[in-house]
Amino acid sequence: MQRRNFLKKTGLGSAGLISIPFLSSWSKPNSKIDPKTIKKPIRPVVVCTWNFHNATTKAWEVLSGGGNSLDAVEQGVMIEEANVNNQTVGKGGRPDRDGNVTLDACIMDKDGNCGSVVYLQNITHPVSVARKVMENTPHVILAGKGAEQFAYEKGFQKEDLLTEKSKQEWLEWKKESKYETIINIENHDTIGMLAIDENGDLSGACTTSGMAYKVGGRVGDSPIIGAGLFIDNEVGGATATGVGEEVIKTVGSFLIVELMRQGKSPQEACEEAVNRIIAKNKEKHKDFQIGFLAIDKNGETGAYCIHPGFSYSKYDSTGQSNNPSGAFVKE
Ligand code: ASP
């Protein structure tokens, strides 16, 4: 709610993004490139949605120690899944309107393998269950009870994910909401993480407790490959946060990767994806929160959102930074 007020007061705002100009031999294989203008690819590097510095720090530990990007993104986002003070991811996440904490997560590797869990309950680390789905089953997505049962078979412990704080807030919400679900209720700190390791290989992960007080059974974009996350090791990766329904409708992360394949920079690709959502929601978008984050094969990053205030955390050999994204809100 506060953010929506902020949005109304602020109007159009934008802030600088780290942008590293480069010419890439992979995106324009037929063009003549002056070798002097080719910048060395940035690697390793990790980025994630929002200011989750502890998560990028963990991922960086893995990457700088020579670890691969898949381990880095899994271990990075696990930090937020276990952080009970983060009420939008993992343990401590806000429940659905019935008081159940239900988690969505996915992971994708350099070879295009992916795993996902949706509507998972009682497990703190859905991203790790998603990885087991990817590596130990012939499937991509496991849902609900089946996913939970699978997790126990793989040795995950049953845990109560509803913290006292989230429970009390939910009880308060129930009083005022008359048990209705507001689609754009503020709950937008999903963590989507993208990493490139020393070998230049990309992986990504995305994990969330979804929209607060959602209708029981609701699944957002975060565990949907192509919507909340997409990786193509030849091109780059993208991830999303915000109103999942809109991200799903545009298959946002896949769209961004394909736009990069066609030559757009990560920044341009994120802006195009946001603009498509705005074009389809001329009035409604003013209440949306959606942010996209992208990285290309060379390690250049970009981000864009329908909201002032979206930012992403980045860690590379120059250190850690917080990068505010441009906003796109017209009153
Ligand atoms: N994208 C998430 C979902 O729709 C929520 C968020 O990032 O705020 O479940």
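FYI, it's all coordinate maths here, none of it is from the lab. All figures in this text were calculated on a predicted structure; none of them were measured in a lab. Positions of Cβ are generated from backbone atoms using ideal geometry, with glycine treated the same way; all protein chains shown enter the neighbour counts.
Quick rundown of the values:
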| quantity | calculated |
| --- | --- |
| Stretch gain in nm, segment Asn199-Lys249, where the contour uses 0.36 nm per residue and the Cα spacing is subtracted | 14.6 nm |
| Relative contact order for the stretch 95-166, counting Cα pairs under 8 Å that sit 6 or more residues apart, in percent | 30 |
| Neighbour-count order for Phe288, Phe230, Phe156, fewest beta carbons within 10 angstrom listed first | Phe156, Phe288, Phe230 |
| Listed pairs Lys91/Lys178; Lys91/Lys175; Lys110/Lys282; Lys39/Lys282; Lys249/Lys286 exceeding 28 Å between Cα atoms | Lys110/Lys282; Lys39/Lys282 |
| Summed residue charge, Cβ within 15 Å of Glu74's Cβ, Lys/Arg positive, Asp/Glu negative | -3 |
| Overall Cα dimensions of the stretch 170-278 - principal axes, largest extent first, Å | 52, 30, 19 |
| Paramagnetic reach from Asp98 in the stretch 110-147 [backbone N under 15 Å; point 7 Å along Cα→Cβ] | 119-122, 144-146 |
| Ranked Tyr213, Tyr312, Tyr179, criterion: other C-beta atoms within 10 Å, fewest first | Tyr179, Tyr213, Tyr312 |
| Amide H contacts under 5 Å for Gly90, placed H, 5+ residues apart | Thr208, Ser209 |
| Whole-number percent relative contact order across the stretch 220-315, with pairs defined as alpha carbons under 8 Å at least 6 apart | 27 |
